[in-house]
Amino acid sequence: MTIHLKSVSLKSDRYPTREHYPFCLPVFQQTEMVKFETPVTIFVGSNGSGKSTLLEALAQKCGIHIWRVPEGRRFQVNRYEGQLPYYLSIEWADRSVPGSFFGSEVFKDFSYFLDEWAANDPGQLKYFGGKSLVTQSHGQSLMSFFRSRYKIEGLYLLDEPETALSPGSQLELLKILKENSQAGHAQFIMITHSPILLACPGACIYSFDKIPVEAVEYQETEHYQIYKQFLNEPEKYL
């Protein structure tokens with residue numbers, strides 16, 4: 001079992017504000033530390049609970065770039081919005097490792113960046129399945145990325161990877177996570193609403209609906225309970 005990143009601490013006593021997002025979220029004000037003690041850690045919780053905000057801040061703190069097209073001008077700007085990484089402290093087990101951030105909203109941008117790199121250096125594609133991600137369907141390109149990238153040693157952050165994946169592809173991704181985490185080179189921190197991915201063997205599941213963040217069992221998650229109830233008695237919900 002390999003753990004590259006051991007923990008992240010939130011320095012709430014140093015926050016520049018407690019009234020503006022993201023520092024206004026109770027989960028960031030009352031959670032002191034999140035430990036990573038298993039090769040796969042999963043964040044669950046309601047929309048707006050802070051999961052993606054922490055994951056993106058963690059990427060920045062770990063030196064993992066998020067490949068997205070720069071935003072245009074906005075009507076209203078929150079000057080505190082991107083400052084959470086400055087108030088995080090991380091602990092590596094041995095040394096920092098490279099990695100990647102997967103987000104369903106930024107994957108298309110990354111695919112086009114990769115095509116531009118490959119125009120000058122086709123060898124870049126060997127790390128992502130050997131062919132352009134842009135020329136494949138969305139679901140196919142996701143699986144090509146997951147199969148190839150996660151064979152490399154690193155820390156991998158995933159934000160809702162189930163987007164555009166069929167249940168069968170989610171099962172394949174579950175197998176990829178299991179095999180690469182058990183191989184001793186890859187560590188995963190993932191946000192998901194999928195009860196299939198939540199079932200990853202040996203994963204630690206943290207609920208952001210608990211304040212402070214708290215580890216929960218698979219069967220305790222709302223995702224598991226709702227899907228189980230619906231599948232057992234779908235007529236009750238129709």
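Label reach from K228 (point 7 Å along Cα→C-beta): in segment 169-197, amide nitrogens under 18 Å belong to 193-197. Remark: S148, S49, S166, S181 ranked as S166, S148, S49, S181, counting other beta-carbon atoms within 10 Å and listing the fewest first. Going from the residue with the fewest nearby Cβ atoms within 10 Å to the one with the most, H65, H20 rank H65, H20.
Order by neighbour count: E37, E235, E172, fewest other Cβ atoms within 10 Å first, most last.
Least crowded to most crowded, the residues run E235, E37, E172.
The length gained by stretching the chain between Q29 and D209 to full extension, at 0.36 nm per residue less their Cα-Cα distance, is 63.4 nm. Using the structure shown, select from K35/K210; K35/K175; K210/K236 the pairs with a Cα to Cα distance greater than 20 angstrom. Pairs exceeding 20 Å: K35/K175; K210/K236.
Extent along the principal axes, Cα only, for segment 148-238: 46, 34, 19 Å, with the longest axis given first. Taken about its Cα centre, segment 169-238 carries a charge dipole of about 160 debye when Lys and Arg each add +1 at the Cβ and Asp and Glu each add -1 at the Cβ.
For the pair H193 and E19 in one chain, pulling the backbone fully straight at 0.36 nm per residue adds 59.8 nm over the alpha carbon distance.
Values quoted throughout were computed directly from the atomic coordinates according to the rules given, and no laboratory measurement underlies them. As the structure is a computational prediction, the values presented were derived from the model and not from experiment. Backbone-built Cβ (ideal geometry, glycine too); neighbour counts: all protein chains shown.
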